[in-house]
Amino acid sequence: MRPIILALPKGRILEEAAEIFARAGHDLSVVFGDSRRLVHEAGQLRVLVLRNSDVPTYVAHGAADAGVVGSDVLDEEGRELYEPLDLGIGRCRMIVAERADQRFDDRAQSHLRIATKYPRTTRAYLDRKGITAEVIELSGAIELGPLTGLCERIVDITQTGETLRQNGLVEIDTIAQVSARLVVNPARLKLDGDRLGALIDALERALAR
């Protein structure tokens with residue numbers, strides 16, 4: 001019987017997730033041994049170490065049975081995955097920010113531009129607020145947008161807001177609270193429900209401790 005294939009993101013969430021899995025009886029310490037390896041055998045689990053944004057893709061297409069990924073990525077991707085647990089790790093906020101010394105007046109008729117890594121989520125937010133704006137998609141250094149005149153506002157995630165402050169930006173709204181979730185491929189859950197169900201139950205018990 002093949003191991004359960006688990007997709008985990010690199011970085012801080014990987015370390016925090018490994019602690020939860022350890023409490024659930026799954027030692028994932030092997031993933032920290034060789035940083036060049038992307039596939040690790042950890043007892044009953046085969047762990048794929050991926051970019052956070054790639055985890056839903058691997059799970060949705062069945063290349064992984066389950067995964068851990070931030071709710072910001074899940075909201076942006078909009079894939080149909082079973083989401084049984086909020087692991088309560090990787091906590092941050094998705095916020096709207098603008099220059100502290102150049103505030104934008106929503107009531108003005110000026111053209112508003114918003115830069116973000118999250119265009120789908122940003123457009124949904126704008127629709128809810130009834131705000132008309134051009135959404136500019138960037139892949140990095142979002143804070144640079146307002147400083148260079150590319151945009152008036154940004155939508156991004158933050159933990160403490162320190163990076164925003166260092167770049168002369170100020171939060172003006174919170175879109176969502178973000179945390180990492182366990183996601184499962186629905187088809188794999190039907191085919192291998194006993195083992196995946198046992199994994200979910202073990203993680204749930206670990207979170208309750």
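Regarding the range 184-191, can at least one residue be identified that is assigned to a strand (DSSP E or B) and outside the structural domain of Ile114 (by TED's automatic domain parsing)?
Taking the range 184-191 as the starting set, the residues that turn out to be assigned to a strand (DSSP E or B) are 184.
This time we only want the ones that are outside the structural domain of Ile114 (by TED's automatic domain parsing), so: 184.
Yes, the conditions are met somewhere in the range 184-191.
Applying the selection to the range 128-159, what residues are under 30 Å from Ala7 (Cα atoms) and either touching a strand residue (DSSP E or B) at 6+ places or on another chain (Cβ under 9 Å) or among the acidic types (Asp, Glu) (or both)? Reasoning before the result, please.
Restricting attention to the range 128-159, the residues satisfying the condition of being under 30 Å from Ala7 (Cα atoms) are 136-143, 154-159.
Scanning the range 128-159 gives Ile136, Glu137, Leu138, Ile142, Glu143, Ile154, Val155, Asp156, Ile157, Thr158, Gln159.
For residues that are surrounded by 13 or more Cβ atoms within 10 Å (Cβ to Cβ) and at pLDDT 95 or above, scanning just the range 51-61, find the one that is nearest to Ile200 (Cα to Cα).
Val59
When the range 104-128 is examined, which residues are found to be out of contact with any Leu (no Cβ under 9 Å at 6 or more places or on another chain), touching a residue at least 40 places away in the same chain (Cβ under 8 Å) and among the basic types (Lys, Arg)?
Within the range 104-128, just Arg120 meets the criteria.
Which of the residues that make up the range 134-150 are part of a loop (DSSP other than H, G, I, E, B) and over 24 Å from the mean Cα position of the chain (by Cα)? Steps first, answer last, please.
Let us first name the residues in the range 134-150 that are part of a loop (DSSP other than H, G, I, E, B), namely 138-143, 149-150.
Selection gives Gly149, Leu150.
May I ask you to list the residues in the range 115-139 that are surrounded by 15 or more Cβ atoms within 10 Å (Cβ to Cβ) and of a type in the set (Asp, Glu)?
Within the range 115-139, no residue meets the criteria.
Is the range 101-114 home to any residue that is surrounded by 15 or more Cβ atoms within 10 Å (Cβ to Cβ), small (Gly, Ala, Ser) and either part of a strand (DSSP E or B) or more than 17 Å from the chain's Cα centre (by Cα) (or both)?
Residues of the range 101-114 that are surrounded by 15 or more Cβ atoms within 10 Å (Cβ to Cβ), as a first pass: 104, 112-114.
Imposing the further condition that a residue be small (Gly, Ala, Ser) reduces the set to none.
No, the range 101-114 contains no residue that is surrounded by 15 or more Cβ atoms within 10 Å (Cβ to Cβ), small (Gly, Ala, Ser) and either part of a strand (DSSP E or B) or more than 17 Å from the chain's Cα centre (by Cα) (or both).
The values are calculated or read from the model by the stated rules, or taken from the named source; none is laboratory data. Every value quoted in this text rests on a predicted model; they were computed, and no experiment measured them. Here the Cβ is made from the backbone with ideal geometry for all residues, glycine too, and neighbour counts use every protein chain on show.
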